[in-house]
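Okay, structure first, notes after.
The values are calculated or read from the model by the stated rules, or taken from the named source; none is laboratory data. No experiment lies behind these values; they were computed from the predicted model shown. In this analysis, Cβ positions are derived from the backbone assuming ideal geometry, glycine residues included, and neighbour counts consider all displayed protein chains.
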Amino acid sequence: MADEKYLLTTEHVKLFYGEKEALHDISLHFPKTGITALIGPSGSGKSTYLRAINRMHDLTPGVRVEGKFLFHGQDIYADNVDLVDLRKRIGMVFQQPTPFPFSVYENVAFGLKLGKKMPKHELDEEVEKALTQAGVWNEVKDRLGSNALGLSGGQQQRVSVARVLATKPDILLLDEPTSALDPISSRVVEDSLLDLRDHYCLIIVTHNMQQAARISQTTAFLNEGRLVEVGNTRDIFLDPKEKETQDYVSGRFG
């Protein structure tokens, strides 16, 4: 029985690339709202774990995932799970902004058009709502018909967030969403994420420890495919229990 306090519960997660075990017995739980940051050096398993949450590894030959992933109490790795529906409910934003090469409007409407037929005025409302939630409506409202590839990097990334939000997910997975952006654009995207954290469960992989400290309530530190420590973000950075965590957040390695 899933703990109702959590939207997503992952227990004893292991992941194998062929015979090589890349994730070692990771158990993490995520509440219905708020931001959890996954930190750790390159190759620590952060993105590998994140992608397991919406079954992105299904597309990679030779990958085997073990353990439990309970989303709304249901096992997302069960045979009867509709992957298209799962990835709408657990949306993903990648490191590089990924707008499609058509208009801003069509980018955000894309996922909505895959669902039930929607009258134009409803579609307009949903597109505006998603762009507003992503903190980019005021910048693009007069450019909805323009190609999204003509936007700045920060605007493209927020349109990518809006495209995910339009399908009304419960969880947003963000894989280093600001690492390809300049510092000013990064802060604008961060501000958008802060506005979303009271309404969604956000799980963000970041190499930027200042970013983790600024925007997350919970931080999990991974190293070499293991979960070393998880806790309140302030505690992880100021009073970690594990020496390994202390060494990482103080810059001694990584």
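Looking at this structure, is Gly251 at positive phi, outside any strand (DSSP E or B) and either surrounded by fewer than 19 Cβ atoms within 10 Å (Cβ to Cβ) or touching a residue at least 24 places away in the same chain (Cβ under 8 Å) (or both)? Yes.
Within segment 219-236, residues that are under 15 Å from Asn208 (Cα atoms) sit with their Cβ atoms under 7 Å from residues that are of a type in the set (Gly, Ala, Ser) and not in a strand (DSSP E or B), at 6+ positions apart or across chains, in these pairs: Thr219/Ala212; Phe221/Gly40; Leu222/Gly40; Leu222/Ser44; Leu222/Gly45; Thr233/Ala212; Thr233/Ala213; Thr233/Ser216.
Per the listing Thr178, Thr245, the residue uniquely part of a helix (DSSP H, G or I) and surrounded by 19 or more Cβ atoms within 10 Å (Cβ to Cβ) is Thr245.
When the residues of segment 86-136 are narrowed to those that are among the charged types (D, E, K, R) and surrounded by 15 or more Cβ atoms within 10 Å (Cβ to Cβ), which ends up nearest to His57 (Cα to Cα)?
Looking at residues that are among the charged types (D, E, K, R) and surrounded by 15 or more Cβ atoms within 10 Å (Cβ to Cβ), I get Arg87.
Once segment 33-61 is narrowed to residues that are assigned to a helix (DSSP H, G or I) and not hydrophobic (A, V, I, L, M, F, W, C), the residue that is farthest from Gln95 (Cα to Cα) is Asp58.
In contact (Cβ under 8 Å) with a residue 60 or more places away in the chain, touching a strand residue (DSSP E or B) at 6+ places or on another chain (Cβ under 8 Å) and either surrounded by fewer than 15 Cβ atoms within 10 Å (Cβ to Cβ) or within 17 Å of Leu174 (Cβ to Cβ) (or both): is that true of Ile39 in this structure?
Working: in contact (Cβ under 8 Å) with a residue 60 or more places away in the chain: yes; touching a strand residue (DSSP E or B) at 6+ places or on another chain (Cβ under 8 Å): yes; either surrounded by fewer than 15 Cβ atoms within 10 Å (Cβ to Cβ) or within 17 Å of Leu174 (Cβ to Cβ) (or both): yes.
Here the answer is yes, as Ile39 does meet what is asked.
Working only within segment 30-61, note down all residues that are of a type in the set (Gly, Ala, Ser) and modelled with pLDDT under 95. Within segment 30-61, Ser42, Gly43 qualify.
In segment 102-129, the residues that are more than 19 Å from Asp142 (Cβ to Cβ) and touching a residue at least 24 places away in the same chain (Cβ under 8 Å) form Cβ pairs under 6 Å with partners that are surrounded by 16 or more Cβ atoms within 10 Å (Cβ to Cβ) and among the β-branched types (Val, Ile, Thr), at six or more places apart or across chains, as follows: Gly111/Thr167.
Across segment 202-254, what is the total count of residues that are among the basic types (Lys, Arg) and touching a His at 6+ places or on another chain (Cβ under 8 Å)? Step through it out loud before you land on a result.
Initial filter on segment 202-254 (among the basic types (Lys, Arg)): 214, 226, 234, 241, 243, 252.
Now narrow it down to the ones that are touching a His at 6+ places or on another chain (Cβ under 8 Å): 226.
Matching residues across segment 202-254 total 1.
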